[in-house]
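Asks: Got a structure for you, written out below as structure tokens; questions coming shortly.
The values are calculated or read from the model by the stated rules, or taken from the named source; none is laboratory data. Owing to the predicted nature of the structure, the values given are computational and were not obtained by experimental measurement. FYI the Cβ positions are ideal-geometry reconstructions off the backbone, even for glycines, and counts take in every protein chain you see.
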Amino acid sequence: MLEQCRTGLDRLAVPLLPTNATIGHKTGTGFPTPGGRISAINDCGYVCLLDGTSYSIAVFVADSGYDMTATSDIIAEISKIVWKSLTEHKKK
């Protein structure tokens with residue numbers, strides 16, 4: 001079921017899409033706070049890369065002062081950093 005998630009493809013999954021990795025994830029989005037901030041934007045799941053590397057990842061952003069797109073971009077950037085760190089480490 002997690003591999004069929006189609007929400008939040010701009011979060012954890014976006015940097016991994018060109019790799020043909022297997023990605024199973026579940027997003028979560030909170031409501032706006034009375035101050036207009038986003039209470040929470042989350043994505044957690046697992047990744048199985050074609051080279052056999054697999055890992056779990058969870059990113060929770062609370063009380064974001066950015067809009068939904070910018071906060072999703074932060075999650076995507078964290079996902080990219082983790083993926084690159086794991087794959088570059090294997091090359092050494």
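Asks: Name the single residue, out of those in segment 16-53 being within 23 Å of M1 (Cβ to Cβ) and of a type in the set (G, A, S), that is surrounded by the most Cβ atoms within 10 Å (Cβ to Cβ). Give the steps one after another, and end with the answer.
Replies: Taking segment 16-53 as the starting set, the residues that turn out to be within 23 Å of M1 (Cβ to Cβ) are 16-17, 19-30, 40-50, 53.
Next, only the ones that are of a type in the set (G, A, S) stay: 21, 24, 28, 30, 40, 45.
On the way: A21: 18, G24: 17, G28: 12, G30: 15, A40: 16, G45: 22.
Ranking the candidates gives G45 first.
Asks: Every residue in segment 1-48 that is assigned to a loop (DSSP other than H, G, I, E, B) and of a type in the set (D, E, K, R), please.
Replies: Restricting attention to segment 1-48, the residues satisfying the condition of being assigned to a loop (DSSP other than H, G, I, E, B) are 1, 5-13, 20-21, 30-31, 33-37.
Within segment 1-48, R6, D10, R11, R37 meet the criteria.
Asks: Between a residue in segment 1-21 that is under 13 Å from C44 (Cα atoms) and touching a residue at least 24 places away in the same chain (Cβ under 8 Å) and any residue that is among the aliphatic types (A, V, I, L, M) and part of a loop (DSSP other than H, G, I, E, B), which pairs come within a Cβ distance under 9 Å, given they are 6 or more apart or on different chains?
Replies: Partner pairs satisfying both residue conditions: C5/A13; A13/A21.
Asks: Let me ask another. Yes or no: T69 farther than 23 Å from E3 by Cβ and either of a type outside the set (F, W, Y) or surrounded by 15 or more Cβ atoms within 10 Å (Cβ to Cβ) (or both)? Spell out how you get there, then give the answer.
Replies: On the way: farther than 23 Å from E3 by Cβ: yes; either of a type outside the set (F, W, Y) or surrounded by 15 or more Cβ atoms within 10 Å (Cβ to Cβ) (or both): yes.
Yes; evaluated as a whole, the condition is true for this residue.
Asks: If you go through segment 53-92, how many residues are in a helix (DSSP H, G or I), modelled with pLDDT of 90 or more and of a type in the set (S, T, Y)?
Replies: Count: 5.
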